[in-house]
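The values are calculated or read from the model by the stated rules, or taken from the named source; none is laboratory data. Worth saying up front: this structure is predicted, and the values here are computed from it rather than measured. Cβ placement follows ideal geometry from the backbone for every residue including glycine, while neighbour counts extend to all protein chains displayed.
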Amino acid sequence: MSSLSPVQILSVSYTARWWSFIPSVRGILESYCGHSTGSAEFSERVGVTVHELLENAVKYSANPDGLVHCSVDLRDGRLAVQVDNMARPEHIDCLRREYDTVSSGNPLEVYIEKMASDIDGGSSQLGLARIRYEGEAELLLSIENDRVKLEALFEMPDEVTAA
Amino acid sequence: MNRLESPILTSDKASVEIGYPTDGRVCVRIFGVIDQAQPGKFLDPIVDWLHADALAHGWTGMDLDVRDLSFINSSGIKSFAGWIKKYMDTPAEGRYELSFIYKDTVTWQRATIKAFSAMSRGTVKVTAA
């Protein structure tokens with residue numbers, strides 16, 4: 001039975017200009033989780049989550065040359081994916097509202113409601129809802145001045161916890 | 001009747017193939033990866049064209065095969081959701097049957113196609129294959 005190794009699994013920073021970095025980080029993390037847990041389903045859930053978090057960070061970064069930071073840790077038996085970036089006040093307010101909406105309802109119902117809603121300013125507004133529903137992750141938001149951090153927490157697959 | 005002019009069916013990472021069998025149904029295969037910053041620029045014209053073309057020519061059904069679409073971001077999913085909304089807003093009489101063919105072993109396909117079916121209250125058919 002395989003198990004995850006050290007506490008910090010991944011830490012990467014890049015500027016918001018590098019959209020092309022996002023699929024690379026997803027690929028690295030999916031590969032790691034897949035090999036470490038033996039669960040393709042778990043690795044895909046983590047992969048889609050980190051992808052959506054990074055897309056949001058890049059899209060809403062206050063400065064295209066500002067750093068987006070992503071770290072992945074194993075903490076208290078759960079996998080924690082954190083993404084943080086600097087953001088403008090209006091985007092922070094929007095994020096707070098989205099987070100409250102997504103966190104409070106049934107994940108599938110919120111996801112459907114978001115899919116059915118009109119696109120606002122070219123943004124899908126689906127990412128956080130997708131993380132909760134498809135990623136099956138708990139989301140935590142913290143804001144300090146103009147720095148935003150979103151954390152997605154995953155229960156480890158049964159195959160790992162039974163080891 | 002002349003065919004409506006088709007939009008561009010290939011992007012840097014994804015492509016769309018369209019087949020016209022003789023049974024009145026259109027087969028649309030979407031494959032590759034959709035993770036661009038604005039996938040709607042590629043997908044939305046295709047969605048609009050397929051929908052309009054199906055109605056104009058009276059196709060009985062359209063099967064969207066996403067089994068070889070290995071990843072799609074939420075912005076791309078929004079394009080498909082927009083199609084479902086457009087489809088639901090079309091009067092049922094004369095409307096083609098819309099269905100998705102997906103792989104149950106691919107997490108995003110299993111989760112999101114199920115959500116499409118729920119969003120359409122079962123009007124959009126889904127098949128795991």
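Taking the stretch A:56-67, which residues are buried (at least 22 other Cβ atoms within 10 Å of the Cβ) and either touching a Lys or Arg at 6+ places or on another chain (Cβ under 6 Å) or not aliphatic (A, V, I, L, M) (or both)? Talk me through it step by step, then tell me what you get.
Looking only at the stretch A:56-67, we keep the residues that are buried (at least 22 other Cβ atoms within 10 Å of the Cβ), and these are A:56-58.
Residue satisfying the conditions is A:ASN56 alone.
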Go through the stretch B:25-48 and give me each residue that's away from chain A (no Cβ under 14 Å) and either basic (Lys, Arg) or under 11 Å from the mean Cα position of the chain (by Cα) (or both).
B:ARG25, B:VAL26, B:CYS27, B:VAL28, B:ARG29, B:ILE30, B:ILE46, B:ASP48
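For the stretch B:10-24, how many residues are surrounded by 18 or more Cβ atoms within 10 Å (Cβ to Cβ) and either more than 14 Å from chain A (Cβ to nearest Cβ) or in contact with a helix residue (DSSP H, G or I) (Cβ under 6 Å, 6 or more places away or on another chain) (or both)? Walk me through it before giving the result.
Initial filter on the stretch B:10-24 (surrounded by 18 or more Cβ atoms within 10 Å (Cβ to Cβ)): B:14, B:16.
Okay, now just the ones that are also either more than 14 Å from chain A (Cβ to nearest Cβ) or in contact with a helix residue (DSSP H, G or I) (Cβ under 6 Å, 6 or more places away or on another chain) (or both), so B:16.
Counting residues in the stretch B:10-24 that are surrounded by 18 or more Cβ atoms within 10 Å (Cβ to Cβ) and either more than 14 Å from chain A (Cβ to nearest Cβ) or in contact with a helix residue (DSSP H, G or I) (Cβ under 6 Å, 6 or more places away or on another chain) (or both) gives 1.
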Considering only the stretch B:98-129, state which residues are away from chain A (no Cβ under 14 Å), surrounded by fewer than 16 Cβ atoms within 10 Å (Cβ to Cβ) and either charged (D, E, K, R) or not in a loop (DSSP other than H, G, I, E, B) (or both).
B:LYS125, B:THR127, B:ALA128
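A:ALA16 - would you say it is of a type in the set (A, V, I, L, M), surrounded by 14 or more Cβ atoms within 10 Å (Cβ to Cβ) and away from every other protein chain (no Cβ under 12 Å)? Spell out how you get there, then give the answer.
Working: of a type in the set (A, V, I, L, M): yes; surrounded by 14 or more Cβ atoms within 10 Å (Cβ to Cβ): yes; away from every other protein chain (no Cβ under 12 Å): no.
The answer is no for A:ALA16.
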Result of the Cβ filter at 6 Å on the stretch B:69-87, keeping first residues that are at the interface with chain A (Cβ under 9 Å from one of its Cβ atoms) and partners that are among the polar types (S, T, N, Q), at least 6 apart or interchain, is B:SER74/A:SER124; B:SER75/A:SER124; B:ILE77/B:THR112; B:LYS78/A:SER124; B:ILE84/B:SER120
Flag for B:ARG95 being touching a residue at least 60 places away in the same chain (Cβ under 8 Å) and either part of a helix (DSSP H, G or I) or of a type outside the set (A, V, I, L, M) (or both)
no
A:THR37 being surrounded by 15 or more Cβ atoms within 10 Å (Cβ to Cβ), β-branched (Val, Ile, Thr) and modelled with pLDDT under 95
yes
Test B:GLY61 against the stated conditions and say whether it is more than 14 Å from chain A (Cβ to nearest Cβ), surrounded by fewer than 13 Cβ atoms within 10 Å (Cβ to Cβ) and more than 28 Å from A:PRO23 (Cβ to Cβ).
no
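Kindly indicate the residue of the stretch B:70-97 that is of a type in the set (A, V, I, L, M) and crowded, with 23+ Cβ neighbours inside 10 Å and also farthest from A:GLU55 (Cα to Cα) among those meeting that condition.
First pass over the stretch B:70-97, keeping only residues of a type in the set (A, V, I, L, M): B:72, B:77, B:81, B:84, B:88, B:92.
Retained after the next criterion (residues that are crowded, with 23+ Cβ neighbours inside 10 Å): B:72, B:77, B:81.
Details: B:ILE72: 12, B:ILE77: 14, B:ALA81: 19 Å.
In this case the residue turns out to be B:ALA81.
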